[in-house]
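Worksheet: one structure, shown below.
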Amino acid sequence: MIGLLLLKQIYGLSDEGLCERWVHDPYFQYFTGEEFFQHSFPHEPSDLSHSRKRLGDKLELLLAESLRVAHEAGA
């Protein structure tokens, strides 16, 4: 779920837009841990808002730390 929320934040997608793109983009699926291409989204779109509420500000901190580490690594 964290991977989905990160992709949503990075690409500025709505919950529905993220679900639609995830179904059609093998890179999104791989980033979120899928080993084989899936033809349907494995969660309800409302699960994203529930997870976002549970994480609160921690999602912003996680994104900032991920970007900092990537920058230091030269990615």
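We did not get these values from a lab; they are worked out from the coordinates using the rules stated. Since the structure is predicted, the reported quantities are computational estimates derived from the model, not experimental observations. Here the Cβ positions follow ideal geometry from the backbone for every residue, glycine too, while neighbour counts run over all protein chains shown.
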Mind telling me which of the residues Phe36, Phe28, Phe41 ends up being among the hydrophobic types (A, V, I, L, M, F, W, C), in a loop (DSSP other than H, G, I, E, B), at negative phi and under 13 Å from the mean Cα position of the chain (by Cα)?
Phe41
If a residue has to be under 13 Å from the mean Cα position of the chain (by Cα) and of a type outside the set (Ser, Thr, Tyr) to count, how many in region 44-54 make the cut?
4
Which pairs do you get when a residue that is farther than 22 Å from Ala70 by Cβ, found in region 10-22, comes within reach of a residue that is surrounded by fewer than 17 Cβ atoms within 10 Å (Cβ to Cβ) and hydroxyl-bearing (Ser, Thr, Tyr), reach meaning Cβ atoms under 8 angstrom, with the pair 6+ apart or on two chains?
Asp15/Ser46; Asp15/Ser49
Scan region 15-34 residue by residue and report those that are under 21 Å from Lys58 (Cα atoms) and touching a Lys or Arg at 6+ places or on another chain (Cβ under 8 Å).
Asp15, Leu18
How many residues does region 23-43 hold that are small (Gly, Ala, Ser) and closer than 24 Å to Leu67 by Cβ?
1
For the list (1) free of Cβ contacts under 8 Å to residues at least 40 places away in the same chain; (2) hydrophobic (A, V, I, L, M, F, W, C); (3) touching a helix residue (DSSP H, G or I) at 6+ places or on another chain (Cβ under 6 Å), I need the number of the one condition that Leu48 fails.
(1)
